[in-house]
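Worksheet: one structure, shown below.
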Amino acid sequence: MLLQSTIPRLPLHHRRVSLSSPLSSHTLSFPSGFRGEKHPAVRCSISQVHSYGTVDYERRPAAKWTGIYKSISLMKDREVSAVSVLNDCEKAGKKLTKWELHRIIKELRKFRRFNRALEVYEWMNNRAEMFGITTSDTAIQLDLIAKVRGTLYAEDYFLKLPDTSKDKRTYAALLNVFAQAKMREKAESIHMQMISRGYPTEPLQFNVMMTLYMNLKEYDKVELLVSEMRQKNIPLDMYSYNIWLSSSGAQGSVENVEKVFQLMEQDCTVNPNWITFGTIASFYIRVGLLEKAEECIKKIESRITGQDRIPYHHVISLYGSVGKREEVYRVWNVCKSIFPNTPMMAYHTMISSLIRLGDIEGAEQLYEEWLSVTPTNNPRIVNLLLSYYTRNGLLVKAEDLFDRMVELGGKPNPGTWEILAEGHIREKKIPEALSCLKEAVLVRGSKNWKPRPDNVSSILSICEQNDDMQSKDVLMGLLSQVGCFEDEAYKSYVPSTGGVVTVHDEGEDIYGDEILVNQLQGSFQ
């Protein structure tokens, strides 16, 4: 069923409904009434947990952990640790259970408060006898250390662990760290060590390796890992199939995508979840099969339960991509009726979808609504409108919006300045464009920012047409300043260094980057 203004919380069912599309002779059969999420348990694969992540906390009444979580998450002073909040609770006689602390950590990770989550763990470590630190805890700490302090610190943490703490969970955590950092050789080394220790009886480490090869666009290796799993009788779980679907879709074969889905449907140990249908829908949109894509989007809707916002955001975005304006607004209204507060990412998704649909008036109205409910003017929202204005020759309107954002206390990020630079490039105002790029470099937190290669190419082309060597020298100096010439991959895209220009693809979406830790956290009791 489709989302309505109020949605009853239905139990999970595993019945199958056949759905065929007139656009193809292939027939896909989809299950309905099933919830998909990204938190399966680690001790049994997703194939054995048909709720795909529905854990006890979703059925428990609100606990005292919520107030403590809010106190930690709202801390502004980075010099003050979350430990101070937990110490105050302890002094006040508030006894926290391990389940509650795990719930706090899970929520902090959900909203990318990785440093705070690590601080909670450090507080627990000092009371190890009280909380019984397990190897699952150690594995999640390893992941948090990588996110907060870097891959080398995580590797050092692993090497210093006692042998009793080095099991399949901590090895898998280190594998996941290397895979996310795209450190192929180290990831492959850990993968082989795990095989030699007899760990690969579950799909977890294969899923992590498949995700690595997906991100490296080495799709043939994904297929090889799937074949190896099947040969070794290692069951494919939900993640395995979803990554395999993404890999098949990335290669552009409708036949292969539908073949993988059919194999998935025939596997009685798994049920396709909303991510499955999101993957298929995205693929159909990419190859122009919009009617089949819309059928898949409806299947996503039938699988949304609980208090997870993410599926709603995907549905809104996908309906925007297939040109269904009415459906975008319908799901948006449903989402707002369910959740008391609407976060920035929801507005970002909605405004982005409306711009894609050409409904700029609706996008502007939603931006005004966003301003009325938020205390800050986030540049990520503003950048969406700025991009539309500059790409449609409305540079004056873009500059007016930029000025308004600054007046309201918004702080431009490097992307904001580069969008303005693009507007000047389109009008061949190179000095103004370079001035914007210089401002991007000066933004706090722009350490890893580099101008898009297609913008660099356009500036160079205009400079050569106008014999403007001075502006070209300024650009080269700026590229040198931000380390572009030290990045071989980046250099390969810049024409002046013998590269080929590419256009940045903002639409690519690969599922599965957080496989390991989501599985570990799904096992919290």
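The values are calculated or read from the model by the stated rules, or taken from the named source; none is laboratory data. All values reported here derive from a predicted model rather than from experimental measurement. Here Cβ is always computed from backbone atoms with ideal geometry, including for glycine, and neighbour counts include all displayed protein chains. Each accessible area value is taken on the protein alone, full model and side chains, heavy atoms only, with ligands, DNA and RNA left out. Shrake-Rupley method; radii C 1.70, N 1.55, O 1.52, S 1.80 Å.
Quick one: how many residues across the stretch 369-397 are over 20 Å from Asn341 (Cα atoms), outside any helix (DSSP H, G or I) and in contact with a His (Cβ under 9 Å, 6 or more places away or on another chain)?
0
Select from the stretch 338-353 the residues that are more than 19 Å from Lys298 (Cα to Cα) and either assigned to a helix (DSSP H, G or I) or among the aliphatic types (A, V, I, L, M) (or both) and list them in ascending order.
Met344, Met345, Ala346, Tyr347, His348, Ile351, Ser352
When the residues of the stretch 440-465 are filtered to those that are in a loop (DSSP other than H, G, I, E, B) and in contact (Cβ under 8 Å) with a residue 24 or more places away in the chain, which remaining residue is surrounded by the fewest Cβ atoms within 10 Å (Cβ to Cβ)?
Checking each candidate, the answer is Gly445.
As an exercise: evaluate Glu301 against (1) closer than 30 Å to Ser372 by Cβ; (2) under 18 Å from the mean Cα position of the chain (by Cα) and give the number of the one condition it does not meet.
Result: Glu301 fails condition (2) only.
Criterion first (within 22 Å of Lys64 (Cβ to Cβ) and either surrounded by fewer than 20 Cβ atoms within 10 Å (Cβ to Cβ) or without any contact (Cβ under 8 Å) to a residue 60 or more places away in the chain (or both)) does Arg116 satisfy it?
Yes.
Across the stretch 231-249, what is the total count of residues that are of a type in the set (A, V, I, L, M, F, W, C), in contact (Cβ under 8 Å) with a residue 60 or more places away in the chain and assigned to a helix (DSSP H, G or I)?
Of the residues in that region, 2 qualify.
Just to be sure I understand the filter: pairs with C-beta atoms under 9 Å, separated by 6 or more residues or on different chains, first member in the stretch 167-192 and without any contact (Cβ under 8 Å) to a residue 60 or more places away in the chain and on the phi > 0 side of the Ramachandran plot, second member assigned to a helix (DSSP H, G or I) and open to solvent by less than 10 Å² (accessible area, probe 1.4 Å). Which pairs pass?
Hits for this filter: Lys182/Leu212.
Give the residues of the stretch 258-279 that are β-branched (Val, Ile, Thr) and within 18 Å of Thr211 (Cβ to Cβ), sorted by residue number.
Those that are β-branched (Val, Ile, Thr) and within 18 Å of Thr211 (Cβ to Cβ): Val260, Val270, Ile275, Thr276, Thr279.
Which of the following residues is assigned to a helix (DSSP H, G or I) and closer than 26 Å to Lys324 by Cα: Leu401, Leu437, Leu366?
On inspection, the qualifying residue turns out to be Leu366.
Which numbered condition in (1) part of a helix (DSSP H, G or I); (2) in contact with a helix residue (DSSP H, G or I) (Cβ under 7 Å, 6 or more places away or on another chain); (3) of a type outside the set (Phe, Trp, Tyr) is the only one that Gln262 fails?
(2)
Taking the stretch 297-318, which residues are open to solvent by less than 30 Å² (accessible area, probe 1.4 Å), within 12 Å of Asn273 (Cβ to Cβ) and outside any loop (DSSP other than H, G, I, E, B)?
Ile300, Pro311
Which of the numbered conditions does Lys259 fail, given that it passes all the others? Conditions: (1) within 19 Å of the chain's Cα centre (by Cα); (2) modelled with pLDDT of 95 or more.
The failed condition is (1).
Can you pull out every residue in the stretch 76-91 that is within 16 Å of Trp65 (Cβ to Cβ) and open to solvent by 90 Å² or more (accessible area, probe 1.4 Å)?
Of everything in the stretch 76-91, just one residue is within 16 Å of Trp65 (Cβ to Cβ) and open to solvent by 90 Å² or more (accessible area, probe 1.4 Å), namely Asp88.
Hey, does the stretch 319-333 have a residue that's touching a Cys at 6+ places or on another chain (Cβ under 9 Å) and assigned to a helix (DSSP H, G or I)?
Looking through the stretch 319-333, none of the residues is touching a Cys at 6+ places or on another chain (Cβ under 9 Å) and assigned to a helix (DSSP H, G or I).
Testing Ala281 on (1) part of a helix (DSSP H, G or I); (2) buried (at least 23 other Cβ atoms within 10 Å of the Cβ); (3) touching a residue at least 60 places away in the same chain (Cβ under 8 Å), one condition comes back false. Which one is that?
(3)
What's the number of the only condition in (1) more than 23 Å from Ile310 (Cα to Cα); (2) surrounded by fewer than 24 Cβ atoms within 10 Å (Cβ to Cβ) that Gln205 fails to meet?
(2)
With the structure loaded, tell me whether Thr201 is outside any helix (DSSP H, G or I) and among the β-branched types (Val, Ile, Thr) or whether it fails that test.
Here the answer is yes, as Thr201 does meet what is asked.
Tell me, which residue of the stretch 119-161 that is among the charged types (D, E, K, R) and more than 11 Å from Ala173 (Cα to Cα) is most open to solvent (accessible area, probe 1.4 Å)?
The residue in question is Glu129.
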